[in-house]
Amino acid sequence: MLTCVALLRHLGLWTTERPRLHVALGSSSVHDLRPGEVGHWRTWPGQGRRSASQDGIGAAILHVMTCAREDDAIATIDSALNSGLLPAEELPSLRAIAPIGKQLLLDRVDGRSQSGLETKTRVSTRRLRVQVRSQVAIPRVGRVDTVVGEHLVLESDGHRYHSSLEQFHEDRRRDLELAAQGYLCLRLDNHQIMHDWPGTEAVIVSLIRRREHLWTPAQRRRHDLS
């Protein structure tokens, strides 16, 4: 029975790509795993199946929490919440049966996140102990992925969603409007987030150290901020 990241990826949720097949077996199963399979023998009280071949969403999420790296698990749960596949109202019941060492992971999820890249950026940036806000509405711009401090905007651009000419022009329009309002915007691609985060983080840290994530006194007066 398909479960964990294999099931959630099959259902269209964001997961870190892994070629292995994750199967739910049950505590009493004597099933021999085939090459490339990952077995999950643990069962979760009250978590049923979607079908004879698919584990329940709650059970798959709990398996992800115990199987994947924390940042990857958070990104997948964000995706499940954002898609509506996992209602936010079910989080308390999942927390109640999750392993004690994994329960706090659910405090870090945010269903407003619209991509795994956005989640990865949010979670990683919050480790810098600075204010981080998600899906912030800015006049004449719309919602931006992440705002660090007061005006450092981080946009997480996956190629799949930003490759059309129309979207390219819209992104440039938004960038100009952000600049006009005094925001500093960094557009981060998949490689910078997933494969070169230390280099990306070094730039963000340098901006924070120079206090470029905060409004200057003149900017605060312009935006009528106290």
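The values are calculated or read from the model by the stated rules, or taken from the named source; none is laboratory data. Worth saying up front: this structure is predicted, and the values here are computed from it rather than measured. Quick reminder, even Gly has a Cβ in these numbers, built from the backbone with ideal geometry, and neighbours come from all protein chains shown.
The number of residues in region 186-208 that are touching a Gly at 6+ places or on another chain (Cβ under 8 Å) and of a type in the set (A, V, I, L, M, F, W, C) comes to 1.
Residues checked against (1) outside the structural domain of Pro45 (by TED's automatic domain parsing); (2) closer than 30 Å to Arg49 by Cα; (3) surrounded by 17 or more Cβ atoms within 10 Å (Cβ to Cβ); (4) among the basic types (Lys, Arg):
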{"site": "Ala98", "(1), (2), (3), (4)": "no, yes, yes, no"}
{"site": "Arg133", "(1), (2), (3), (4)": "yes, no, no, yes"}
{"site": "Val141", "(1), (2), (3), (4)": "yes, no, yes, no"}
{"site": "Val147", "(1), (2), (3), (4)": "yes, no, yes, no"}
{"site": "Asp157", "(1), (2), (3), (4)": "yes, no, yes, no"}
{"site": "Leu165", "(1), (2), (3), (4)": "yes, no, no, no"}
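Taking into account only those residues within region 36-78 that are among the acidic types (Asp, Glu) and not in a helix (DSSP H, G or I), which is surrounded by the most Cβ atoms within 10 Å (Cβ to Cβ)? This residue is Asp55.
Only one of the listed residues (His22, His10, His63, His40) is under 25 Å from Thr121 (Cα atoms), in contact with a strand residue (DSSP E or B) (Cβ under 6 Å, 6 or more places away or on another chain) and not assigned by TED's automatic domain parsing to the domain that holds Gln135. That residue is His63. Candidates in region 196-226 are the residues that are without any contact (Cβ under 8 Å) to a residue 12 or more places away in the chain and under 19 Å from Lys120 (Cα atoms); of these, the one that is surrounded by the most Cβ atoms within 10 Å (Cβ to Cβ) is Asp196.
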